[in-house]
Amino acid sequence: MTDEQQQLETPIETPLEESVKGTESREEAETPTETALEVEVETVTAEGTQEETKPEQVIVALTEQIEALQQKLKEQAEQFEVLKSSHIRLTAEFDNYRKRTAKEKQELETQVKCKTIGELLSVVDNFERARNQITPANDGEATIHKSYQSVYKNLVDSLKRLGVGPMRPEGQLFDPLYHEAMLREYTNEYPEGTIIEELVRGYLLGEQVLRHAMVKVAAPKPVEEEETSPSLTEPESGD
């Protein structure tokens, strides 16, 4: 097909037809649709039927809200007091538990230490007996005596560093918490219950008794019974 034939077959619009089409397009754009009109009518109707809110109703509503908030605040305050009391109680219980645990730990350590040191006291007694009873006869025995006395001194110094100390009960009144009476001596030279002599030395670990001191205690002499019946003599008979 030639170009001339294509130009002949293409419809040619006249200026009049173009003017008519432009007018129709403007009318369609200016005319509101049915949906937009319905929405506008419904909006106007709703605004017309809306009632005005009265001040009394606003006050009532605000009062109710305030009361609700006050009630909620009161409940929150009560919950806070409950939680506060619970916290204080738990804190006190934990503090008591901490103190009780520390005390029990200290007591356990003291018991273990007392038991361990108590086993060494018999060794200390043997050293003291040897020092008091053995008298070196020559230089060799003197050397041996001096060597084990040095060991004894080191042992005593170690016990002192641990807090161990001997009791000195002579002249004190007998106390069953610290002393154990082994002998009683009747005498008037000391008040009754006075400790005259320490037979076996006692030891303390701080204020804890490691071993009670075995002592001799003074007791008053018994009072001798005096004769209460005078001798009767027969009266002399007259002549």
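Derivation of every value follows stated rules applied to the coordinates shown; laboratory data play no part. Note that this is a predicted model, so its numbers are computed, not measured. We place every Cβ from the backbone using ideal geometry, glycine too, and count neighbours over all the protein chains shown.
Data overview
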| read-out | value |
| --- | --- |
| For region 112-118, 3J(HN,Hα) per residue [Karplus equation, 6.51 cos²θ - 1.76 cosθ + 1.60, θ = phi - 60°, Hz, x = Gly/Pro] | 5, 5, 5, 5, 5, 5, x |
| Lys pairs under 29 Å by Cα in region 77-152, provided they are eight or more residues apart or on distinct chains | 8 |
| Vicinal HN-Hα couplings computed from phi for region 63-69 (Karplus, 6.51 cos²θ - 1.76 cosθ + 1.60; Hz; Gly/Pro x) | 4, 5, 5, 5, 4, 5, 5 |
| Residue-by-residue Karplus 3J(HN,Hα) for region 99-108, coefficients 6.51, -1.76, 1.60, Hz, glycine and proline x | 5, 5, 5, 5, 5, 5, 5, 5, 5, 5 |
| Residues whose placed amide H lies under 5 Å from that of Glu185, excluding near-sequence neighbours | Val217, Ala218, Ala219 |
| Percentage relative contact order, region 164-222, counting C-alpha pairs under 8 Å, at least six apart | 45 percent |
| Sites matching chymotrypsin sites (Phe, Trp or Tyr not before Pro) across region 145-207 that sit in DSSP coil, with at most 10 neighbouring C-beta atoms within 10 Å | none |
| Against the rule of thumb 2.2 N^0.38 Å, how large the Cα Rg of region 164-222 comes out | 1.12 |
| Dipole of region 155-229, positive direction: furthest Cα of Val164, Tyr178, Tyr190, with charges on the beta-carbon | Val164 |
| Longest to shortest principal axis, alpha-carbon extents of region 70-166, angstrom | 103, 16, 15 |
